[in-house]
Amino acid sequence: PRRAGERGAVEAGALPNLLPGGRRIGAASAASEIATAWGTASLPATAGRATSEILAATAAGDIDALLIGAVDPDDLPDPAAALRAIESAGFVVSLELRVSAVTDRADVVFPVAAAAEKSGTFVNWEGRIGSFEAALPVPTVRTDLHVLAALADEMDVHLGLPDLESARRELTALTRSAAEVTPARDDAPLGRIGQLQPERPGPGRALLATWHNLLDAGRMQDGEPNLAGTARAAVARLSAATAAEVGTADGAKVTVATGRGSITVPVEITAMPDRVVWLPTNSAGGAIRRELAAGHGSLVSVRSAG
């Protein structure tokens with residue numbers, strides 16, 4: 001949720017099982033409304049692939065080419081696997097602002113406009129819309145909308161979005177009515193996105209809880225050592241009972257590990273559930289996706305590093 005564009009992406013239908021406006025694929029009313037806005041009755045009948053599934057299909061040779069827009073592999077569940085998949089693709093196009101692990105592996109890189117150089121819209125998690133105009137006009141820079149439309153034209157898929165205003169009008173038409181809501185049932189299949197029952201950790205094991213700190217090792221701090229220096233230091237938060245069980249204490253160090261690697265950081269005793277360990281997702285000294293290939297809810301081992 002700290003990513004500024006996530007709610008807007010949901011509204012635009014970027015999740016594999018949703019159409020624009022948060023409508024589920026296959027809903028009759030959604031098909032009628034969206035077909036009217038798009039001028040076509042051709043809509044997907046089945047869910048698409050999630051990011052991890054796209055990468056898995058690429059690694060398996062089922063997808064030949066990738067178009068990647070400003071994705072940092074360290075934000076994905078398994079950064080190393082993501083980079084291997086990108087390397088295995090036959091052709092990679094990257095839309096980016098600066099050099100990255102993806103641009104290093106891309107065949108073509110389109111440098112696109114930064115937020116201050118273009119107009120656009122943000123949608124917050126309450127659904128409130130805030131539009132903005134370019135603060136820094138740069139005549140030669142191209143927006144991602146322009147690049148995507150040009151690529152689509154070359155592939156004979158005409159989006160009909162020559163400028164920002166046309167994109168805004170279409171998105172408004174696609175999202176102006178409330179999404180169809182189906183009441184949940186206890187016996188309803190949850191599909192790809194649903195509640196997961198975590199494993200129960202035994203002694204020396206814990207469930208991982210994690211989120212990004214506002215200032216961490218993310219790429220927005222690149223080249224800003226003074227700002228990055230104000231970030232909170234990485235710590236592992238444990239309950240007093242969990243710390244005692246693994247033989248550590250407040251201010252001592254603990255090692256959190258998976259089969260892929262380990263992270264050793266100081267302990268901070270916190271009022272929280274037992275056999276749960278909290279780590280920052282991507283702070284200096286604690287990049288859990290890259291080092292552990294783990295995320296929120298993963299089962300990890302915890303031991304004293306004393």
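The values are calculated or read from the model by the stated rules, or taken from the named source; none is laboratory data. Nothing here was measured: the structure is a model prediction, and the numbers come from that model. Cβ coordinates were reconstructed from backbone atoms using ideal geometry, including for glycine residues, and neighbour counts include every protein chain displayed. Side chains included, ligands, DNA and RNA excluded: accessible areas come from the protein's heavy atoms. Shrake-Rupley method; radii C 1.70, N 1.55, O 1.52, S 1.80 Å.
Remind me, relative contact order of segment 38-88 in percent, using alpha carbon pairs under 8 angstrom and six or more residues apart? Before the final figure, lay out each step's value.
Values: 24 pairs, mean separation 19.9, N = 51.
Dividing the mean separation by the residue count of segment 38-88 yields 39 percent.
What is the sum of charges, Lys and Arg at +1 and Asp and Glu at -1, for the other residues whose Cβ falls under 14 Å from the Cβ of residue 267? List each step's numbers first, then the result.
Details: positive: 237, 253, 303; negative: 245, 250, 268.
Its environment carries a net charge of 0.
Taking 7 Å steps out from each Cα toward its Cβ at residue 133 and residue 220 produces label points 2.5 nm apart.
Rounded to the nearest 5, what % of the DSSP beta bridges within the chain are antiparallel ones? The antiparallel proportion sits near 55 percent.
Between exposed GluC sites (Glu not before Pro) in the chain, where DSSP calls loop and at most 12 other Cβ atoms lie within 10 Å, what's the longest gap?
Numbers: sites that count: 126, 133, 199.
That would be 1-125.
Taking the longest Cα principal axis of the chain as reference, the axis of helix 164-175 is set at about 70 degrees. Summarising the amide proton neighbourhood of residue 92: residues at separation of 5 or more, or on other chains, whose placed amide H is nearer than 5 Å comprise 66, 107, 108.
Counting heavy atoms of the protein chains only and a 1.4 Å probe, report the per residue accessible area for the chain as a whole number of Å².
Numbers: 18120 Å² over 306 residues.
Per residue, the chain has an accessible area of 59 Å².
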